[in-house]
Amino acid sequence: MAQSTTVQRPMRRRASRRTFGHMWRHLFLLAMTAFAVFPVLFVVSAALNPLGTLSSAQLVPTGVSTDNFAQLLTETRFPRWYLNSLVLAVSNAAATVFLSALAAYVFSRFRFRGRRVGLYGLLIIQMFPQFLAIVAIYLMFSAVTDLRPEVGFDTHWGLLLVYMGGALSINTWLMKGFFDTLPSELDEAARVDGATHAQMFFRILVPLVTPVLAIVGLLVFIATVNEFIMASVFLRDPDSQTVALGLAAMVADQRDSNFGMFAAGTLLLALPVLAVFWYLQRFIVEGLTSGAVKG
């Protein structure tokens, strides 16, 4: 009997330690969740606040109204800003995914003179933030605007070129690592069947790298929607500005009185990001489950 009691005591201690460890993990997760959810709840409350000022914003609103959304859509250029942001984000994500995938395929599957220099060049470029070159980019596009105004300042084409120049390097490296994991036997089998390089790329390899394509597209889309520094330099015309620029200008001088509309604009801007995330999520899952070599 004494031996049984002696054996049960260590078991009880271990059980209590496990319970104590699980409790602390749950408390930590609850604290992190509250820390992440608090700003979202505050923005939602400010957007629904009928007064629409920063000083009257509370975590739990005293009233609910959609006046901030109505004023934002009717009294500002928000619909135009919204369209500009979506066009830039979709165009940049699609172009970056396509060009990065082509470059990654070439660096992964071919051996040519200058390949190593090109890879190291991309690696070095991505080590420096893009805004460090903002003065050089400004001077360069000042000359471009005089020669080709259709791709200069106040144009989405010029800003798109700048975005792509900063995103291609890191995304090419990311996709190259994914292409390197695919066995070379796939290429050899496709060549035996008479497939061209384009057919191998689009019909065989691209379906297998769907997860990284979806991830890169999602990250580029979110980064373009939230980008402010480069857009503030290039887009000076109010009709060509994005949501980030428009909302920042709206609260620059009257931060307190326009905070309700600012919060409403951030919520509306989050909708396409959530939609793109849910849409691309199934491609990530499908690519992970179907990316196997069949015998």
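Structure notes:
- The set of residues from region 100-127 being open to solvent by 90 Å² or more (accessible area, probe 1.4 Å) and closer than 16 Å to M164 by Cβ comprises just one member, I125.
- You will find that of T181, T196, T210, the residue that is modelled with pLDDT under 85 and over 30 Å from G158 (Cβ atoms) is T196 and no other.
- Taken across region 78-88, residues that are assigned by TED's automatic domain parsing to the domain that holds P183, at pLDDT 85 or above, over 30 Å from M200 (Cα atoms) and among the β-branched types (V, I, T) do occur, with at least one present.
- Qualifying helices (runs of 4 or more DSSP H) (wholly inside region 151-247; at least 2 residues being in the same structural domain as F110 (by TED's automatic domain parsing) and closer than 22 Å to F283 by Cβ): 156-180, 210-226
- Test set (1) open to solvent by 30 Å² or more (accessible area, probe 1.4 Å); (2) in contact with a Ser or Thr (Cβ under 8 Å, 6 or more places away or on another chain); (3) of a type in the set (F, W, Y) - Y163 fails condition number: (1)
- In region 26-53, the qualifying residues are those that are surrounded by 11 or more Cβ atoms within 10 Å (Cβ to Cβ) and hydroxyl-bearing (S, T, Y), and the one that is farthest from M261 (Cα to Cα) is S45.
- S91 being open to solvent by 40 Å² or more (accessible area, probe 1.4 Å) and under 29 Å from M250 (Cβ atoms): yes
- Residue in region 111-128 that is among the aromatic types (F, W, Y), touching a residue at least 40 places away in the same chain (Cβ under 8 Å) and in the same structural domain as M261 (by TED's automatic domain parsing) present: no
- Pairs, first of a type outside the set (F, W, Y) in region 163-185, second open to solvent by less than 20 Å² (accessible area, probe 1.4 Å) and in a loop (DSSP other than H, G, I, E, B), C-beta under 8 Å, six or more apart: M175/V209; L182/V209
- Within region 224-234, not a single residue is surrounded by 17 or more Cβ atoms within 10 Å (Cβ to Cβ) and closer than 18 Å to F110 by Cα.
- Annotation for region 128-140: no member residue is assigned to a helix (DSSP H, G or I), open to solvent by less than 20 Å² (accessible area, probe 1.4 Å) and among the β-branched types (V, I, T).
- Any hit, region 22-31, residues being farther than 20 Å from L271 by Cβ and at pLDDT below 70: yes
The values are calculated or read from the model by the stated rules, or taken from the named source; none is laboratory data. In this text the structure is predicted, and so the values were computed from the model without any measurement. We place every Cβ from the backbone using ideal geometry, glycine too, and count neighbours over all the protein chains shown. Ligands, DNA and RNA are stripped out before the accessible areas are found, and what is left, the full protein with its side chains, is counted by its heavy atoms. Shrake-Rupley method; radii C 1.70, N 1.55, O 1.52, S 1.80 Å.
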